[in-house]
Amino acid sequence: MVSFRSIGLVALAVGLARLVDAQAKVKIMTLGDSITGSPGCWRALLWRKLQDAGIKNTDFVGSLPGQGCGFAYDGENEGHGGFLATNIARQNQLVGWLSQTKPDVVMMHLGTNDVWSNLPPSTIIAAFETLINQMRASKATMKILVAQIIPMHPSNCADCGQRVVNLNKAIVEWAPKAAKPESPIAVVDCWTGFDTGSMTGDGVHPNAKGNEAMAKCWYDPLAKVINDFT
């Protein structure tokens, strides 16, 4: 005969196991514009790569739901189409998103629309500084991944290609100075090897091949950060 005590112990063990599992999840925010969120299927491919590698202790968070990418995935994000890093910082929009989702890690691919608006790297980096400070105000040990953004060659912006190069150079110079031992900043190179001719349909937004390239550029840096939590 199974005693009520035995049943109670089993239930307690199951409950504790679920609690430990929930606590072990690393909460990850993907922060960006339409390249990240509309639909941003590189995030779906990245999630699947993590799952296939046995890295399943993740919880992607955000105020926006995932969009259809052909298979079910954990798709919550902060990829807001048309948004500029400078406006997000100036309007303190990130503060609310952080408060709502409380991430441990932020992956940031921002600056495309700022570049398109012909804002100088110094102005964009100043916005990044504000965003980083807001991340750390949310969590002092925030782990931060900042992309050297993918190239862009839209038909209405002949200078955008070089502007991206200039911004990416500034990111590499800025990140080590902004990093802290308890809150490191890793620069993720999503620019190298990305070809706008074959990997976008409009010179800006990744197509299927571009999504594969973006998932690949993020995978190793993100997997390393997640493994550091275990």
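The values are calculated or read from the model by the stated rules, or taken from the named source; none is laboratory data. Quantities reported herein were computed from a predicted structural model and do not represent experimental measurements. Neighbour counts run over all protein chains shown; Cβ positions are idealised from the backbone, glycine included. The accessibility values were calculated without ligands, DNA or RNA, using every heavy atom of the protein model including side chains. Shrake-Rupley method; radii C 1.70, N 1.55, O 1.52, S 1.80 Å.
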Query raised in the report: Within segment 165-186, which residues are in a helix (DSSP H, G or I) and either over 19 Å from the mean Cα position of the chain (by Cα) or not hydrophobic (A, V, I, L, M, F, W, C) (or both)?
Result: VAL165, ASN166, ASN168, LYS169, ALA170, GLU173, PRO176, LYS177
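Which residue is least open to solvent (accessible area, probe 1.4 Å), if the candidates are limited to segment 137-154 and must be farther than 29 Å from GLY197 by Cβ and assigned to a loop (DSSP other than H, G, I, E, B)?
Going through segment 137-154, the residues farther than 29 Å from GLY197 by Cβ turn out to be 137-144.
Keeping just the survivors that are assigned to a loop (DSSP other than H, G, I, E, B) gives 139-142.
Numbers: LYS139: 60, ALA140: 67, THR141: 58, MET142: 0 Å².
It comes out as MET142.
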Report task. Assess whether ALA85 counts as being open to solvent by 10 Å² or more (accessible area, probe 1.4 Å) and either within 20 Å of VAL188 (Cβ to Cβ) or aliphatic (A, V, I, L, M) (or both). Result -> no
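Can you name every residue in segment 193-209 that is over 14 Å from GLY32 (Cβ atoms) and either in contact with a Ser or Thr (Cβ under 7 Å, 6 or more places away or on another chain) or acidic (Asp, Glu) (or both)?
ASP195, ASP202, GLY203, ASN207, LYS209
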Report task. List every residue pair whose Cβ atoms sit under 6 Å apart, with the two residues 6 or more apart in sequence or on different chains, where the first one lies in segment 193-215 and is open to solvent by less than 30 Å² (accessible area, probe 1.4 Å) and the second, anywhere, is small (Gly, Ala, Ser). Result -> PHE194/ALA213; THR196/GLY203; MET199/GLY210; MET199/ALA213; THR200/GLY210
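Here is a list: GLN162, GLN134. Which entry is open to solvent by 10 Å² or more (accessible area, probe 1.4 Å), out of contact with any helix residue (DSSP H, G or I) (no Cβ under 7 Å at 6 or more places or on another chain) and either in a helix (DSSP H, G or I) or hydroxyl-bearing (Ser, Thr, Tyr) (or both)? Before you say what the answer is, go through the steps one by one.
On the way: GLN134 fails: out of contact with any helix residue (DSSP H, G or I) (no Cβ under 7 Å at 6 or more places or on another chain).
That would be GLN162, the only listed residue that is open to solvent by 10 Å² or more (accessible area, probe 1.4 Å), out of contact with any helix residue (DSSP H, G or I) (no Cβ under 7 Å at 6 or more places or on another chain) and either in a helix (DSSP H, G or I) or hydroxyl-bearing (Ser, Thr, Tyr) (or both).
Output the number of residues of segment 106-131 satisfying the condition of being of a type in the set (Val, Ile, Thr), surrounded by fewer than 24 Cβ atoms within 10 Å (Cβ to Cβ) and in contact (Cβ under 8 Å) with a residue 40 or more places away in the chain.
Here is the first cut: in segment 106-131, the residues of a type in the set (Val, Ile, Thr) are 106, 112, 115, 123-125, 130.
From the residues that got through so far, the ones that are surrounded by fewer than 24 Cβ atoms within 10 Å (Cβ to Cβ) too are 123, 125, 130.
Add one more test, that the residue is in contact (Cβ under 8 Å) with a residue 40 or more places away in the chain, and what stays is 125, 130.
The total comes to 2.
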**Report entry** Output for segment 61-74, where each listed residue is under 15 Å from the mean Cα position of the chain (by Cα) and within 9 Å of GLY40 (Cα to Cα)
**Finding:** GLY66
Report task. Please give the number of the condition THR230 fails out of (1) at pLDDT below 95; (2) among the hydroxyl-bearing types (Ser, Thr, Tyr); (3) crowded, with 16+ Cβ neighbours inside 10 Å. Result -> (3)
Query - Candidates LYS49, LYS56, filtered to the one that is open to solvent by 40 Å² or more (accessible area, probe 1.4 Å) and part of a helix (DSSP H, G or I) - result: LYS49
Query raised in the report: Does ALA178 satisfy the condition of being of a type in the set (A, V, I, L, M) and over 29 Å from SER99 (Cβ atoms)?
Result: no
